[in-house]
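Below is one structure, written out as structure tokens; the observations come after it.
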Amino acid sequence: MINGKSIKLRIAMPAAALILGIAVAVLLIALTGVSPLSALRVLIDSGFGFSGRVAPFFITLGSATPLMLTGLAAMLGFKVGVFCIAQECQYVFGAIMAAWLGASLELPSVIAVPFIILCAIVAGGIFGFIPAFLKVKLGVNEIISSIMLNNTATLVLEYLVAFPLRADAGQKAQSEVIERSYWLPEFVQGSRFGISFIIGVLLLAFFFMLIWKTRWGYKMRMVGENISFADYGGVRSSRVIILTLVVSGAVAGLAGCLEVLGNYHRIMTGFSSGLGFDGLSVAMLGLSHPVGVFIVALLLAGIRQGAQLGLQISLSIPRELGGVLIAMVIFFVAIENAYKPFVERLVGGRRRKDAREKEAK
Amino acid sequence: MEAIRFDHISKYYPSTGVQASDDISFSIEEGEIHAICGENGAGKSTLMNILFGLEKPDSGSVFIRGAEAAIRSPSDAISMGIGMVHQHFMLVDSFTAAENVLLGIEDKGFLNKSSEREYVRKLSEDAGMPIDPDAPVYALPVGQLQRIEILKMLARNVKILILDEPTAVLTPYEVGPFLETLRKLADSGHTVIFISHKLQEVMDAADRITVMRQGKVVGTKEKKDTSIPELADMMVGRKVLFEVEKKPSVPGDTILELKDVTMRSHRGRLLADKVSFSVRAGEIYGIAGVSGNGQEALISAIAEDASIESGSILLNGKEISGHKIAEKRALGMAYVPEDRMTTGLNMAADFLDNSIIGFQDSSEMNKGLFLNREHITERAGKMIDDYQIRGASVDGSVSALSGGNMQKVVLARELSASPCLLIVDQPTRGLDVGSIEFVHRMLIRERDKGVAILLLSVELDEILSLSDRVGVMCRGVLQGELEGSDINEHSIAMLMVGETEEGR
């Protein structure tokens with residue numbers, strides 16, 4: 001779909017951002033007096049290693065799962081040219097659905113679990129439809145409407161766990177634990193790495209096929225790349241945008257639902273901790289491509305994990321450094337134009353030599 | 001006296017592998033209008049960018065009034081008295097004309113409104129292109145904006161003025177007066193370098209003409225010693241057929257029929273008023289008119305999904321007004337839109353994606369749930385071969401193609417399904433001579449195959465040389481229809497300005 005030169009550049013640019021981000025983090029670690037090299041080793045060991053009671057790598061796979069899904073949700077919006085950032089809201093409503101139904105349904109799990117997942121998908125989809133409909137029919141900016149929806153979701157969640165869904169026992173504002181038989185299985189005890197991960201990978205593969213191999217994906221890409229071209233060719237762009245954002249919302253809603261069923265088993269204030277927004281970073285760093293989303297979700301989860309488990313606990317470097325590292329990478333992605341010519345020269349080195357040889361002839 | 005001399009200028013772009021300037025040497029006399037023409041990609045703009053300090057040559061030098069000049073930036077160029085007006089204007093919309101002219105060269109950094117305005121007014125009147133110094137730029141028409149760009153340069157005491165395709169943005173009616181102002185500038189001692197590929201204008205305006213092809217100078221001619229056909233041959237490198245060869249049309253059944261079509265804008269303005277005409281198989285029906293007289297509205301109702309207030313549009317006897325674009329296409333409509341860069345093609349996508357728009361739901365392109373990539377690739381490869389689309393590959397981007405080759409991609413795609421109705425809107429706008437010839441031959445070929453063709457063009461020459469019948473629009477009304485030997489420049493022009501046939 002794109003020629004070789006730009007593929008190389010498209011991979012080289014985020015790689016450069018990652019390297020630059022690590023460089024800054026190394027500098028900061030050096031300032032704390034710890035040897036940067038050993039700190040990096042600890043970071044990698046406790047983010048991606050296999051030692052310890054529960055292998056850190058599996059924990060990373062587990063915490064990468066919601067990132068993969070919210071990243072996929074954001075990516076779908078990007079594909080139709082819409083910067084919808086309502087993933088946070090959809091994620092929260094998906095989770096609320098799961099926590100509420102999970103604690104109140106009294107059905108056999110074979111019926112209850114699919115039903116809960118379906119309801120969470122619908123909830124997410126509804127909150128995808130709202131900004132999409134407002135944008136297409138009334139021209140409301142999707143960023144603004146989704147920011148407001150995100151705030152709404154946070155407040156609704158606070159109310160629900162403080163009052164109607166609140167578990168009686170305990171001081172904390174949290175809902176009751178969901179029915180034990182609805183819990184999704186973990187592959188490795190205590191790692192969060194479970195069936196959700198498989199669902200995430202399958203969805204990434206599914207959307208990869210959909211976007212690049214089918215006519216529906218073709219329409220999405222054309223709408224995202226050039227809407228007047230799509231309209232000219234008889235693609236009904238409004239419909240494509242609305243449908244895509246509904247699906248995107250459903251995916252984010254599913255992410256919240258799987259976190260409740262497979263991981264937290266209840267819902268509490270501050271449940272999301274910005275996972276919806278992380279999805280945007282994942283989609284952008286992952287170049288709006290399912291493979292990129294997969295890799296970046298793992299990287300982000302691993303760095304966080306490594307910073308918390310490794311740096312903070314074994315080296316007493318604040319775990320926020322992991323956050324700083326991720327923030328630096330995002331920063332370098334944002335200012336990519338500043339060093340793009342340099343990377344282009346590195347990547348294009350061969351090409352220029354060829355050209356010179358041609359000239360010499 | 002010699003104003004500029006290019007001495008063995010060469011410039012190579014390694015990233016695209018293009019030798020944009022190849023050992024260029026020629027000179028421009030002071031006080032002359034010197035046209036530089038050539039097809040798109042011949043290297044005209046690169047050479048001018050070198051002169052204006054935007055590009056550095058790999059080798060060779062530029063002499064200004066006999067002295068070798070090191071022009072490293074546009075500000076160097078301006079201080080040497082060289083100014084350039086680009087094709088795309090660089091003005092501050094919210095400023096007035098006078099503020100734009102003086103932006104950056106205000107007296108001592110303070111704005112002195114009344115004397116500034118007076119200065120700009122006088123400057124513009126002396127130069128023979130009066131402007132209202134107080135008019136905000138956003139409210140001005142394109143022709144005025146161009147004047148402001150030129151005045152910007154004159155206010156900086158520029159003596160050598162480079163104009164990059166200045167007439168491309170003007171309507172046919174603005175071109176004549178514009179060329180006259182160039183003459184006035186030359187008479188007052190300015191040297192005007194004027195880039196164009198429209199040979200008629202070049203012959204109207206220039207004293208001398210330099211023709212470029214593939215980065216080389218083909219030759220410099222005095223206007224009185226040359227002719228349009230000679231220049232065209234020099235540009236293309238072979239004989240160009242100006243008269244499109246065509247046999248008399250053999251019209252068949254009526255394919256497209258408009259009956260009393262009335263359209264209004266959102267604000268209720270009448271766009272088309274009871275327009276009726278029909279296009280038959282095997283004929284080219286041209287619609288002439290100054291742009292903005294309702295042709296655009298009609299096309300949006302016929303080929304796109306604009307709705308009409310009353311009347312009907314029939315394609316092969318079926319009502320299509322208000323129908324979805326996909327349904328119209330399924331009935332055999334093909335459409336080459338006015339703007340190939342934003343509508344006809346998707347610049348961000350590769351050739352394959354561009355080759356199937358409009359056919360994305362057809363059973364031919366799909367195999368089960370998936371797109372039939374094998375078939376799509378084969379079909380695209382065939383398009384590239386059949387239409388000799390130079391520089392294209394099935395998985396390459398279309399954005400690097402030249403204008404002519406882009407238009408070939410659109411034509412190849414639109415003709416691939418053997419349509420019965422082909423709508424072409426400004427099919428040769430911005431194309432060079434060789435590509436115009438190709439597109440015209442292609443349209444005649446389709447006509448002879450029995451396709452009904454509806455042609456919209458603001459180029460009168462194009463309407464005259466292609467159409468079998470002509471309808472002329474004026475203020476939303478189909479002012480008259482002409483056929484056969486009645487089609488000539490005079491009769492169309494009369495109808496365009498609203499004279500009726502009876503009134504002649």
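The values are calculated or read from the model by the stated rules, or taken from the named source; none is laboratory data. Because the structure is a prediction, the values reported are computed rather than measured. Here Cβ is always computed from backbone atoms with ideal geometry, including for glycine, and neighbour counts include all displayed protein chains.
Tell me, which residue of segment B:279-299 that is surrounded by 17 or more Cβ atoms within 10 Å (Cβ to Cβ) and among the polar types (S, T, N, Q) is modelled with the lowest pLDDT?
In this case the residue turns out to be B:293.
So, in segment B:384-409, of the ones that are more than 15 Å from residue B:439 (Cβ to Cβ) and surrounded by 21 or more Cβ atoms within 10 Å (Cβ to Cβ), which residue ends up modelled with the highest pLDDT? It would help to see each step written out before you state the result.
Just the residues of segment B:384-409 that are more than 15 Å from residue B:439 (Cβ to Cβ), to begin with: B:384-385, B:391-400.
So of that shortlist, the ones also surrounded by 21 or more Cβ atoms within 10 Å (Cβ to Cβ) come out as B:384, B:392, B:398.
Details: B:384: 94, B:392: 88, B:398: 90.
If we take residues in segment B:384-409 being more than 15 Å from residue B:439 (Cβ to Cβ) and surrounded by 21 or more Cβ atoms within 10 Å (Cβ to Cβ), then B:384 is modelled with the highest pLDDT.
Tell me which of these residue B:303 doesn't satisfy, since it passes every other one: (1) surrounded by fewer than 16 Cβ atoms within 10 Å (Cβ to Cβ); (2) touching a Phe, Trp or Tyr at 6+ places or on another chain (Cβ under 7 Å).
(1)
Taking segment B:219-234 on its own, how many of its residues are out of contact with any Ser or Thr (no Cβ under 8 Å at 6 or more places or on another chain), among the β-branched types (Val, Ile, Thr) and not in a helix (DSSP H, G or I)?
1
What pairs come up if the first residue lies in segment B:131-156 and is more than 10 Å from residue B:97 (Cβ to Cβ) and in the same structural domain as residue B:170 (by TED's automatic domain parsing), the second is of a type outside the set (A, V, I, L, M, F, W, C) and at pLDDT 90 or above, and their beta carbons are under 6 Å apart, counting only those six or more places apart or on different chains?
Listed pairs, sorted by first residue: B:153/B:83.
For residue A:114, work out the one condition from (1) modelled with pLDDT of 90 or more; (2) under 21 Å from the mean Cα position of the chain (by Cα) it doesn't fulfil.
Going through the list (1) modelled with pLDDT of 90 or more; (2) under 21 Å from the mean Cα position of the chain (by Cα), residue A:114 breaks only (2).
Condition check: of a type in the set (Phe, Trp, Tyr) and either at pLDDT 90 or above or more than 29 Å from residue B:196 (Cα to Cα) (or both). Does residue B:89 satisfy that?
Answer is no for this residue.
Specify which of the listed residues (B:135, B:155, B:127, B:98) is in contact with a Pro (Cβ under 8 Å, 6 or more places away or on another chain), hydrophobic (A, V, I, L, M, F, W, C) and at negative phi.
Of the residues listed, the single one that is in contact with a Pro (Cβ under 8 Å, 6 or more places away or on another chain), hydrophobic (A, V, I, L, M, F, W, C) and at negative phi is B:98.
Of (1) touching a strand residue (DSSP E or B) at 6+ places or on another chain (Cβ under 8 Å); (2) within 14 Å of another protein chain (Cβ to nearest Cβ); (3) without any contact (Cβ under 8 Å) to a residue 24 or more places away in the chain, residue B:21 satisfies all except one. Which?
(3)
Tally the residues that are among the hydroxyl-bearing types (Ser, Thr, Tyr), within 22 Å of the chain's Cα centre (by Cα) and surrounded by fewer than 18 Cβ atoms within 10 Å (Cβ to Cβ), restricting the search to segment B:167-191. Spell out the reasoning first.
So in segment B:167-191, the residues among the hydroxyl-bearing types (Ser, Thr, Tyr) come out as B:167, B:171, B:173, B:181, B:188, B:191.
Okay, now just the ones that are also within 22 Å of the chain's Cα centre (by Cα), so B:167, B:171, B:173, B:181.
Within this subset, residues satisfying the condition of being surrounded by fewer than 18 Cβ atoms within 10 Å (Cβ to Cβ) are B:171, B:173, B:181.
Final tally of qualifying residues: 3.
Within segment A:245-300, how many residues turn out to be touching a Pro at 6+ places or on another chain (Cβ under 6 Å) and modelled with pLDDT of 95 or more?
Residues flagged as touching a Pro at 6+ places or on another chain (Cβ under 6 Å) and modelled with pLDDT of 95 or more within segment A:245-300 amount to 1.
Are there any pairs with C-beta distances below 9 angstrom linking a residue in segment B:238-250 that is modelled with pLDDT of 70 or more to a residue that is surrounded by fewer than 15 Cβ atoms within 10 Å (Cβ to Cβ) and assigned to a loop (DSSP other than H, G, I, E, B), with the two at least 6 apart or on different chains, and if so which?
none
Here's a check for you: in segment A:224-234, which residue that is within 7 Å of chain B (Cβ to nearest Cβ) and within 18 Å of residue A:78 (Cβ to Cβ) is surrounded by the most Cβ atoms within 10 Å (Cβ to Cβ)?
A:229
Quick one: count up the residues across segment B:348-368 that are at the interface with chain A (Cβ under 7 Å from one of its Cβ atoms) and either hydroxyl-bearing (Ser, Thr, Tyr) or touching a residue at least 24 places away in the same chain (Cβ under 8 Å) (or both).
Residues in segment B:348-368 being at the interface with chain A (Cβ under 7 Å from one of its Cβ atoms) and either hydroxyl-bearing (Ser, Thr, Tyr) or touching a residue at least 24 places away in the same chain (Cβ under 8 Å) (or both): 6 in total.
Can you give me the number of residues within segment B:369-399 that are touching a residue at least 24 places away in the same chain (Cβ under 8 Å), assigned to a loop (DSSP other than H, G, I, E, B) and facing another protein chain (nearest Cβ under 10 Å)?
3
Out of everything in segment B:400-409 that is over 12 Å from residue B:355 (Cβ atoms) and part of a helix (DSSP H, G or I), what residue ends up being nearest to the other protein chains (Cβ to nearest Cβ)?
The residue in question is B:406.
Would you confirm whether any residue within segment A:212-220 is buried (at least 21 other Cβ atoms within 10 Å of the Cβ) and not aromatic (Phe, Trp, Tyr)?
Yes, some residue in segment A:212-220 is buried (at least 21 other Cβ atoms within 10 Å of the Cβ) and not aromatic (Phe, Trp, Tyr).
Restricting to segment B:351-368, count the residues that are part of a helix (DSSP H, G or I) and of a type in the set (Phe, Trp, Tyr).
Going through segment B:351-368, the residues part of a helix (DSSP H, G or I) turn out to be B:351-355.
Cutting the leftovers down to of a type in the set (Phe, Trp, Tyr) gives us B:351.
Of the residues in that region, 1 qualify.
Taking segment A:23-36 as the region of interest, how many residues are under 29 Å from the mean Cα position of the chain (by Cα), loosely packed, with under 14 Cβ neighbours inside 10 Å and either of a type outside the set (A, V, I, L, M) or more than 12 Å from residue A:324 (Cβ to Cβ) (or both)?
1
Restricting attention to segment B:329-339, and to residues there that are surrounded by fewer than 24 Cβ atoms within 10 Å (Cβ to Cβ) and farther than 16 Å from residue B:297 by Cα, which single residue is nearest to the other protein chains (Cβ to nearest Cβ)?
Looking at residues that are surrounded by fewer than 24 Cβ atoms within 10 Å (Cβ to Cβ) and farther than 16 Å from residue B:297 by Cα, I get B:329.
May I ask you to say which residue of B:132, B:207, B:225, B:164 is under 22 Å from residue B:81 (Cα atoms) and surrounded by fewer than 19 Cβ atoms within 10 Å (Cβ to Cβ)?
None of the others qualify; the one that does is B:207.
Of all the helices (runs of 4 or more DSSP H) wholly in segment A:1-116, which have at least 3 residues that are more than 23 Å from residue A:300 (Cα to Cα)? Spell out the reasoning first.
On the way: elements: A:4-31, A:36-48, A:56-79, A:87-104.
Filter on segment A:1-116 gives A:4-31, A:87-104.
With assigned to a helix (DSSP H, G or I), of a type in the set (A, V, I, L, M) and either modelled with pLDDT under 95 or outside the structural domain of residue B:304 (by TED's automatic domain parsing) (or both) as the only criterion, which of B:417, B:412 stands out?
B:412
Quick one: how many residues across segment A:166-205 are surrounded by 12 or more Cβ atoms within 10 Å (Cβ to Cβ) and free of Cβ contacts under 8 Å to residues at least 12 places away in the same chain?
Counting residues in segment A:166-205 that are surrounded by 12 or more Cβ atoms within 10 Å (Cβ to Cβ) and free of Cβ contacts under 8 Å to residues at least 12 places away in the same chain gives 2.
Check B:60, B:43, B:53, B:83 and return the single one that is in the same structural domain as residue B:194 (by TED's automatic domain parsing), closer than 23 Å to residue B:216 by Cα, out of contact with any His (no Cβ under 6 Å at 6 or more places or on another chain) and in contact (Cβ under 8 Å) with a residue 40 or more places away in the chain.
None of the other options fit; the residue is B:43.
From the list B:348, B:272, B:306, which one is of a type in the set (A, V, I, L, M, F, W, C), under 25 Å from residue B:481 (Cα atoms) and in a loop (DSSP other than H, G, I, E, B)?
Only one candidate passes the filter, namely B:306.
Here are A:196, A:238, A:248, A:191: which of them is of a type in the set (Ser, Thr, Tyr) and within 14 Å of chain B (Cβ to nearest Cβ)?
Testing whether each residue is of a type in the set (Ser, Thr, Tyr) and within 14 Å of chain B (Cβ to nearest Cβ) leaves just A:238.
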